[in-house]
Amino acid sequence: MKMLDRKIVFIVAGLALAAGSGYWVWQKIHAPKVESTLERSAARTASDTLHFPAEAPQLAFLRITPVESFPEPLMDALNARIAYDDNYTARIFSSVAGRVVKISAEAGQQVKAGDALLWIDSPDYAMGASDSLKADADLLRKKEAYERAQLLFDAQGLARKDLESAEADWHQADAEAQRAKARMKNLSSNVVVTVDGRFILRAPIDGIVSERQVNAGSEVRPDATNPLFVITNPKHVWVVVDLPEQQIGKVRVGQPIAVEVDAYPNEIFSGKVRVISETLDPVMRRFQVRCDVDNSQHKLKPEMFARISPIVDTKSRLPRVPNSALFTQGLYTYIFVEQMPGVLQRRRVILGIQGSDFTYIKEGLHAGEHIVTSGAILLNAELSGND
């Protein structure tokens, strides 16, 4: 019985020893795999640098973009609006009263000077055309009468006073004909004057019809408030800004400006200051500033809201980053810069002009570097957690 108990004890001890050895072997085999899983999280190799494997899930939540440089602004962006360039714009009214019977121009259509825009049935125009034709006929009759009187006077068959009377009638008829022609020319209507009462409104300049505020059958008048058509050259637009009184010393005529609009958030349009008003608005305490801007691609449209920034010069440029890339720690501002794929470094930067969406970087960053624009705060929390 005692021998049996001893055998049982040895068997149990052997099993325990085998189980312990197996567990030790299992730890040796699986320990590297646990470490490999941990390595997929960020591993810090420096006080401000994070390393991620290529398949790390954290990278899927980051947005990394290259840094671009832009002209250095002198001040915060000012609210402005895009407006027609009046030097290349015509607001067209009807010079006669009447009813529109036909329209041949639509908004967005390219027209040339002299093209017909619409036809108006106008009694006033018919009367003016009739007066012009009658004046021409009267001038011809009076001229022939004067020539006959001159022949009779030369043959001593007519008194001088009758010749002078015929000459005076001829000059009066000529003056009336000139007045009637000037009236018809002022209407800028048909090349050939007719008495059917159809007045043709024509385009005074080359350009694109940007607005049409008339329909067939509408009654039109010369004293209307709104123009029937607006024709403009879209390559030329103005940027109008109300400049605060305290900023007037930073803006001058001929100064380059940078123009931004919400429709194209990553694009800057270049322009120059052309006119600064001499009078301060007593209510708004603003100076109106008018700027020319390059719109050769027809992207800027009148009445769009814009922001302008007077710049130092076109050669002075600074990196510009979205505000989402910045975070503060203590008294300083930082960003994360990608050193190489999966390697992100926290770097301190010195800020320049800060706007509502973007900030210019004076020191600590260069154009062409790649930065984290979304997820920087989470990276900083993970870096701080490794301390």
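Specify which residue in the list I64, S95, L78 is farthest towards the positive end of the charge dipole of the range 40-160, using unit charges on the beta carbon of Lys, Arg (+1) and Asp, Glu (-1), about the Cα centre. So the residue we want is S95. The slack in the chain from S69 to R347, taken as 0.36 nm per residue of separation less the alpha-carbon distance, amounts to 98.3 nm. Across the cross-link table entries K185/K301; K102/K185; K161/K181; K250/K362; K102/K235, which are compared at the Cα atoms, the separations over 28 Å belong to K185/K301; K161/K181; K102/K235. Within the same chain, aspartates and glutamates fewer than 8 places from K112 are excluded, and of the rest, those with a Cα less than 17 Å from its Cα are D206, E211. Principal semi-axes of the equivalent ellipsoid, √(5λ) from the alpha carbon gyration tensor of the range 88-132, are 24, 12, 10 Å from largest down.
Plainly put, the range 88-231 has a radius of gyration that is 1.21 times its Kirkwood radius, both from alpha-carbon atoms, as the Rg/Rh ratio.
Taking the Cα centre of the range 88-231 as origin and assigning +1 to Lys and Arg Cβ atoms and -1 to Asp and Glu Cβ atoms, the resulting dipole is close to 300 debye. If you find the alpha carbon centre of the range 121-141 and of the range 46-79, how far apart are they in angstrom? Here the two parts' Cα centres lie 76 Å apart.
Fewest neighbouring Cβ atoms within 10 Å first, the residues H366, H236 line up as H366, H236.
Determine, from the Cβ-Cβ distance of K250 and L133 and an R0 of 56 Å, the FRET efficiency 1/(1 + (r/R0)^6), rounded to the nearest 0.05.
0.30
Treating r as the C-beta distance of H298 and F93 and R0 as 35 Å, the FRET efficiency rounds to 0.85.
For the pair A367 and A381, label points projected 7 Å from Cα toward Cβ lie 3.6 nm apart.
Cβ-to-Cβ counts within 10 Å put D162, D138 in ascending order as D162, D138, the fewest first.
Extension gain, H171-A263: 0.36 nm per intervening residue step, less the Cα-Cα distance, totals 26.7 nm.
Each reported figure results from applying straightforward, stated rules to the coordinates on display, with no laboratory input. Since this is a predicted model, take the numbers as computed values, not measurements. Cβ atoms come from the backbone with ideal geometry, glycine included; neighbour counts cover every protein chain shown.
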